[in-house]
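K.L.:
Sharing a structure here in structure tokens format.
The values are calculated or read from the model by the stated rules, or taken from the named source; none is laboratory data. Because the structure is a prediction, the values reported are computed rather than measured. Cβ: placed from backbone, ideal geometry, glycine included. Neighbour counts: every protein chain shown. Note: accessible area is taken over every heavy atom of the protein model, side chains too, but ligands, DNA and RNA are not part of it. Shrake-Rupley method; radii C 1.70, N 1.55, O 1.52, S 1.80 Å.
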Amino acid sequence: MTTRALHVRTYRTGALGLPVVLLHGFPFDSRMWDDVGPLLTGAGPVLAVDLPGLGESSDPSSSEASLDIAADQVAAALGDLGIRRAVVAGLSMGGYVALALLDRHPGLVAGLGLLDTKSTVDDPGARANRLRLADEVEDSGTVAAVRPMAAAVLGETSRAAQSDLERRLEALIDEQPPAGVAWSQRAMAARPDRTEVLTRFAGPALVLVGDEDRVTPRATAEHMASSLSDVRLVVVPRAGHLSAIENPGAVADAVAELVRRADLRETGARPT
Ligand code: MLT
């Protein structure tokens, strides 16, 4: 019996269109997509993956902390499901993994969604902070050190008008295994600049950013968009860094439009 390293959540089954694969942000799991997944229109399956060590996926601590490993595990999990080509959309850390997937498994990516993320590396201070937090989480055996992210990722509008969202994010964070949280921080700290990977991608792309995102603001989205050849840049109103839960309708519309563009491209490419 094969044991899958990564847990895959299914929002919709379907065989007539490209699969959509959603990759979540940190320190959450695939449930971060619960408001968007069911809204996605199209004819293919809609799936969301728990990245290594988070949600129901297995503990990656015995392997080097690297988003390359995360990307290889996503490709393997999709391969197990018979998926060789998909629209891949990642939010923040999920975007870093989507970029690693594009770099290492380019044939898999029929359409690319980069949401509230960036293609560049952290500055030395941010990297040191990640490593400090990883040690703190590991030493304490709790995720308390990353709990404040629940408030930090939300935009001003959500914090003022949707106080339930902060509680919901805290509950999600509290359920993450400390080993997976520490591994993810170290993996993000080690990631390379992948802007150049974007210049090699000729397929349809979406770059999306919440207009109140303070973690990866609009300038980082514009930087990625300027490196892509077939791109739509979408700025989501009334959303911060977690646009997928702050304004899920707008995010679902933008991802569905990416899927339509990718489906058209695939159909056009098919020999008649
Ligand atoms: C996320 O939302 O995934 C995080 O903000 C990513 C990061 O820490 O860079």
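K.L.:
Could you tell me which numbered condition Asp230 fails, if it satisfies all but one of (1) surrounded by fewer than 19 Cβ atoms within 10 Å (Cβ to Cβ); (2) out of contact with any helix residue (DSSP H, G or I) (no Cβ under 7 Å at 6 or more places or on another chain); (3) farther than 17 Å from Leu112 by Cα?
P.N.:
Going through (1) surrounded by fewer than 19 Cβ atoms within 10 Å (Cβ to Cβ); (2) out of contact with any helix residue (DSSP H, G or I) (no Cβ under 7 Å at 6 or more places or on another chain); (3) farther than 17 Å from Leu112 by Cα one by one, Asp230 breaks only (3).
K.L.:
Can you find a residue in region 66-81 that is of a type outside the set (Asp, Glu), within 16 Å of the ligand (Cβ to nearest atom), in a helix (DSSP H, G or I) and without any contact (Cβ under 8 Å) to a residue 60 or more places away in the chain?
P.N.:
Scanning region 66-81, I find at least one residue that is of a type outside the set (Asp, Glu), within 16 Å of the ligand (Cβ to nearest atom), in a helix (DSSP H, G or I) and without any contact (Cβ under 8 Å) to a residue 60 or more places away in the chain, so the answer is yes.
K.L.:
Is one or more of the residues making up region 2-13 within 16 Å of the ligand (Cβ to nearest atom) and open to solvent by less than 20 Å² (accessible area, probe 1.4 Å)?
P.N.:
no
K.L.:
Considering only region 23-41, how many residues are surrounded by fewer than 24 Cβ atoms within 10 Å (Cβ to Cβ) and of a type in the set (A, V, I, L, M)?
P.N.:
So the answer is 2.
K.L.:
A further question on this structure: Here are Gly44, Gly111: which of them is more than 19 Å from Ala202 (Cβ to Cβ), surrounded by 19 or more Cβ atoms within 10 Å (Cβ to Cβ) and of a type outside the set (Val, Ile, Thr)?
P.N.:
The match here is Gly44.
K.L.:
Among the candidates Asp135, Asp80, which residue alone is more than 19 Å from the chain's Cα centre (by Cα), farther than 30 Å from Val259 by Cα and surrounded by fewer than 24 Cβ atoms within 10 Å (Cβ to Cβ)?
P.N.:
Every option except Asp135 fails the conditions.
K.L.:
Can you tell which of Val137, Val143 is in contact (Cβ under 8 Å) with a residue 60 or more places away in the chain and of a type in the set (A, V, I, L, M, F, W, C)?
P.N.:
After ruling out the rest, the residue left standing is Val143.
K.L.:
Now, a different point. Which ones in region 84-141 are in a loop (DSSP other than H, G, I, E, B) and either away from the ligand (no atom under 16 Å from the Cβ) or of a type in the set (Ser, Thr, Tyr) (or both)?
P.N.:
Answer for region 84-141, where residues must be in a loop (DSSP other than H, G, I, E, B) and either away from the ligand (no atom under 16 Å from the Cβ) or of a type in the set (Ser, Thr, Tyr) (or both): Arg84, Arg85, Ser92, His105, Thr117, Ser119, Thr120, Gly141.
K.L.:
With respect to Val209, determine if the residue is over 13 Å from Leu102 (Cβ atoms), more than 16 Å from the ligand (Cβ to nearest atom), not acidic (Asp, Glu) and not in a loop (DSSP other than H, G, I, E, B).
P.N.:
On the way: over 13 Å from Leu102 (Cβ atoms): yes; more than 16 Å from the ligand (Cβ to nearest atom): no; not acidic (Asp, Glu): yes; not in a loop (DSSP other than H, G, I, E, B): yes.
Criteria not met by Val209.
K.L.:
Looking only at residues that are crowded, with 23+ Cβ neighbours inside 10 Å and farther than 22 Å from Val109 by Cβ in region 182-208, which one is nearest to the chain's Cα centre (by Cα)?
P.N.:
Gln185
K.L.:
Wholly within region 149-203, which helices (runs of 4 or more DSSP H) include no fewer than the required count, namely at least 1 residues that are more than 16 Å from the ligand (Cβ to nearest atom)?
P.N.:
The helices (runs of 4 or more DSSP H) meeting that bar are 156-161, 163-174, 178-189, 195-199.
K.L.:
Determine, yes or no, whether Arg159 is modelled with pLDDT under 95 and closer than 26 Å to Gly249 by Cβ.
P.N.:
In short, yes.
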